[in-house]
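Working notes, structure below.
The values are calculated or read from the model by the stated rules, or taken from the named source; none is laboratory data. Fair warning: this is a prediction, and the values are worked out from it, not measured in the lab. Cβ atoms come from the backbone with ideal geometry, glycine included; neighbour counts cover every protein chain shown. Accessible surface is based on the protein model in full, side chains and every heavy atom, while ligands, DNA and RNA are left aside. Shrake-Rupley method; radii C 1.70, N 1.55, O 1.52, S 1.80 Å.
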Amino acid sequence: MALPGPAATRAAVRLCRIAASASSYLPSAAADGRRELELPFALVAERGMVVGGHRGMGMNAVGAPPGARFGAARERENTLLSFGRAAAHAAVAFVEFDVQVTKDGCPIIFHDVFILTQGTGAVYERRVTDLLLEDFLSYGPQKESCKVSKPLLRRAGDGRVLNWTTEDDDSLCTLQEAFQRVSPRLGFNIELKFDDSIMYHRKDLQCALKAVLQVVFEHARNRPVFFSSFHPDAAQMMRELQSLYPVLFLTEGGTSKHHDPRRNSFDDAVRVCLEYDLHGIVSEARGVLKNPSAVARAQESNLALLTYGQLNNVWEAVYIQYLMGVHGVIVDRVEEISDAVAGFGLGKPGLGRGGAGVDGAKTHQAEAFSQQQLGFLLRLIPELIEQRHRKDGTPYVTSQFLTLEADGKNSSLGSTLVPTD
């Protein structure tokens, strides 16, 4: 278990070394004009934890009520508008987004495997990778007023197909456009998106990955970039194809089961990283919180560790991960959580620039927690995080958090409801 202070600093130094080694296999900077690139979360050396925006300023869950803690981003996800607003927040180190490759070989940014639109009395559904680029860009708002757009629909978690509308809309975009039009100070976590229901031939994976790499090599310049994927073979192949940009393995951390045994636990993810020489893990937050020793295993294996998931939209859950030694979190409530994390290093969890989170009189000095106190807190997590279902069948997580004062004498228990996928 990692504690803040010297241990966290040593872990951060290891991260920087991992990033440096990622470029050691390519020609020197003097030879090809590239500088040595670092992981966006190498900033943990000074911050202790970094924040990444999920699909920009957060994902869109169709049907989510306004103001919901999850899925109610104002901006359309995975768009230049959303990325640009994330870049405007200095505390946001990177954005995570999903890349697929169209039938004519263009890497585009879109999460869902299928794209839906409304026709004459019917809903039409197409696989994104079966579309030509021109077809893909014809969905949603158009950059040119003379072009007719196809309305975008999306399937909700309960199977309903709903209009996909947002308060602030924007056009769909390509990976190249994101590199060209988003502030270069913002890191890109490029998730290599593949359909779990398809058995891909190696040549098909390689063709898609090379198309992505071509854009990255031509346009990344000095922008911090790293790749991630749930697909073990795609992660391995991306690591083999290049050595400049780090590759991380995405895992649900044992919160669900897959046919591929490499995807069924956090320990499986560690083995994948070690076997394929990957740089780290991006785990569902529950997989780490229910299994606190996971952080130690990642650090012992010299792996970076980030998390994603709905619990990362609750600052208390993020603070616990900060104390555990998690290096970064991918979040939907970008402004709120990035402001809260900015306060962690100051001993003021939840009290970032926006002042959200806890009463100012109840600040914590993370460094004041003893190993015994933190161990007690972590032992409670597997018992206090549980899956339930609302009456309407929508799953949610009841997350209870124990608040320990710095002297360890007083405690209080609170709870927060967070919807799940």
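Structural remarks
- Nearest-20 debye value, region 113-243 charge dipole, Cβ charges on Lys, Arg, Asp, Glu: 260 debye
- K147, K103, K193, reordered so the largest accessible area comes first (probe 1.4 Å): K103, K147, K193
- Pairs with C-alpha atoms separated by more than 26 Å, drawn from the list K103/K143; K193/K257; K150/K257; K103/K257; K210/K257; K150/K203, are K150/K257; K103/K257; K210/K257; K150/K203.
- Taking all protein chains as they are arranged and a probe of 1.4 Å, the heavy atoms of H258 leave approximately 50 Å² accessible to solvent.
- Relative to the current alpha-carbon distance between R185 and H259, full extension at 0.36 nm per residue lengthens the span by 22.7 nm.
- Ordered from largest to smallest accessible area (heavy atoms of protein chains, 1.4 Å probe), the residues S149, S138 come out as S149, S138.
- Spin-label model, V161/K203: points 7 Å from Cα along the beta carbon direction are separated by 3.4 nm.
- Overall form of region 239-292 per C-alpha gyration tensor (a/c, 1.5; a/b vs b/c): prolate
- Of R221, R55, R297, the residue with the largest accessible area leads and the full order is R221, R297, R55 (1.4 Å probe).
- Using a probe of 1.4 Å on the protein chains alone, the accessible area found for S82 is around 0 Å².
- Rolled with a 1.4 Å probe across the full set of protein chains, the surface gives C106 an accessible area near 30 Å².
- Apolar share of the accessible surface for region 130-269: 48 percent from carbon plus sulfur atoms, 1.4 Å probe.
- Net lengthening on full extension, Q118/D135 (0.36 nm per residue, minus Cα-Cα): 4.7 nm
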